[in-house]
Amino acid sequence: MSYPAPRPAPPNGPGHCPRCLEPVIWATTSANRRTLAVDPDRDPKGNQALRQDAAGRWLVRQLTRERPIPEHDEHLHMPHLATCTASAPPPPRRPTAPRHRRGVRPNPRWGR
C-alpha cells in the first residue's frame, strides 16, 4: 500500500513575494508555526523580531507587552504585508440572490 506524499515544507529563508516579486525572508512564527514574509532590511519601526537558529531556520515573533524589545540575536524587521506594493487580492464574490431549486431528485421508493 502506498502512502500519499508528505506535505512539502513551508518556504524558509530568502525568497520573493508572489504578488510583487520583491525580495523577502520567509520565516516561521514561534507562536503557531505559520510562515510569514518579512522585509529583508532591518527597520527600527518594525514590530517583528527576526532571528536565525542554529539549524539555519529563520524564526520570527511579534513584539508583545511582555517582551517589547528584541532579545539576544533578534533584529527588528517590518512584515512584508505592510509594505507590499501589489494591491490586495479581491475578496471572494458572494452570490447576490439565493439559489433557486431547479427540480426535485426522484426517490426510487415512490416509483413502485
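The values are calculated or read from the model by the stated rules, or taken from the named source; none is laboratory data. Keep in mind that this is a model prediction, so the values were computed, not measured. Counting neighbours? That spans all protein chains shown, and the Cβs are built from the backbone with ideal geometry, glycine included. Accessible surface areas use protein heavy atoms only, side chains included; no ligands, DNA or RNA. Shrake-Rupley method; radii C 1.70, N 1.55, O 1.52, S 1.80 Å.
Of all residues in region 32-48, those satisfying the criterion of being charged (D, E, K, R), more than 14 Å from the chain's Cα centre (by Cα) and open to solvent by 90 Å² or more (accessible area, probe 1.4 Å) are 41, 42, 45. Annotation: residue 27 fulfils all but one of (1) part of a loop (DSSP other than H, G, I, E, B); (2) under 14 Å from the mean Cα position of the chain (by Cα); (3) aliphatic (A, V, I, L, M); the unmet one is (1). Residues of region 46-70 being in contact with a strand residue (DSSP E or B) (Cβ under 7 Å, 6 or more places away or on another chain) and in a loop (DSSP other than H, G, I, E, B), which ones? Residues satisfying the conditions are 46, 47, 53, 57, 63, 70.
Only residues that are touching a residue at least 60 places away in the same chain (Cβ under 8 Å) and open to solvent by 50 Å² or more (accessible area, probe 1.4 Å): list them for region 56-86, please.
85
Per the conditions (1) among the polar types (S, T, N, Q); (2) surrounded by fewer than 13 Cβ atoms within 10 Å (Cβ to Cβ); (3) at pLDDT 90 or above, the sole criterion not satisfied by residue 29 is (2). Can you tell me which residue within region 15-24, out of those that are of a type in the set (A, V, I, L, M, F, W, C) and surrounded by 13 or more Cβ atoms within 10 Å (Cβ to Cβ), is nearest to the chain's Cα centre (by Cα)? Only one residue fits best here, namely 17.
Sub-9 Å Cβ pairs linking a first residue in region 13-24 that is over 14 Å from residue 41 (Cβ atoms) to a second residue that is among the polar types (S, T, N, Q) and surrounded by 11 or more Cβ atoms within 10 Å (Cβ to Cβ), at least 6 apart or interchain, are 13/52, ordered by first then second residue. Any residue in region 5-12 that is at pLDDT 90 or above and assigned to a strand (DSSP E or B)? Among the residues of region 5-12, not one is at pLDDT 90 or above and assigned to a strand (DSSP E or B), which makes the answer no.
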